[in-house]
Amino acid sequence: QVQLVESGGGLVQPGGSLRLSCAASGRIFRVHFMGWYRQAPGKHRELVAGMPTGGNTNYADSVKGRFTASRDNAKNTVYLQMNSLKPEDTAVYYCYAVVRVTSTQDVQSEYWGQGTQVTVSS
């Protein structure tokens, strides 16, 4: 079983900053992808930042230039630095990972974190 543990959400004023963290734990042979999604009330869950292993990080157009995602591969941890926050960034943010759990089975599994609330309001 793989678990994703998120932290760093909270309430912030417009123009402020937050830093989210997500650590993957459990039996993991290799991480193929880690990223961040968000979902606002009444809207579909959307990709915020995706970090394929060995590839380039991609961002949603709405956050380009403001958000920066990073990975610490040794710790199986990802971060999301959010600057110049806007009220429309308010959402539940979810950590997501695609992993291979064993060295003997060529199977990939996907996991979601529990979500952390980010509220941007004056």
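Before moving on, here are some points about what is shown:
- Under Karplus coefficients 6.51, -1.76 and 1.60, residue-wise ³J(HN,Hα) of segment 25-37 in Hz, glycine/proline x: 9, x, 7, 9, 8, 7, 9, 8, 7, 9, x, 10, 10
- Förster-model FRET efficiency, 22 Å R0, residue 2 and residue 68, C-beta, rounded to 0.05: 0.30
- Gain on full stretching of the segment that runs from residue 86 to residue 61 - 0.36 nm per residue minus C-alpha separation: 7.6 nm
- GNM remark for the chain: springs join alpha carbons under 10 Å apart, and the peak mean-square fluctuation among 105, 81, 39 falls on 105.
- Extended-chain gain in nm, criterion 0.36 nm per residue less alpha-carbon gap, residue 98 and residue 17: 26.4 nm
- Full extension of the chain between residue 107 and residue 27 gives 27.5 nm of extra length, using 0.36 nm per residue less the Cα-Cα distance.
- The alpha-carbon atoms of segment 47-94, seen along their principal axes, cover 34, 18, 16 angstrom, with the largest extent given first.
- Cut-off 10 Å between beta-carbons: net charge of the residues surrounding residue 81, Lys and Arg +1, Asp and Glu -1: +2
- Restricting the trypsin sites (Lys or Arg not before Pro) of segment 1-58 to loop positions (DSSP other than H, G, I, E, B) with no more than 10 neighbouring Cβ atoms within 10 Å leaves 27, 43.
- Computed log₁₀ I(q)/I(0) - Debye formula, equal Cα scatterers, no solvent, the chain, q 0.17 Å⁻¹: -0.80
Coordinate-derived values only; no laboratory data. Quick caveat: nothing in here was measured; it's all calculated off a predicted structure. Every residue, glycine as well, gets a Cβ built from its backbone with ideal geometry; the counts of neighbours run over all protein chains shown.
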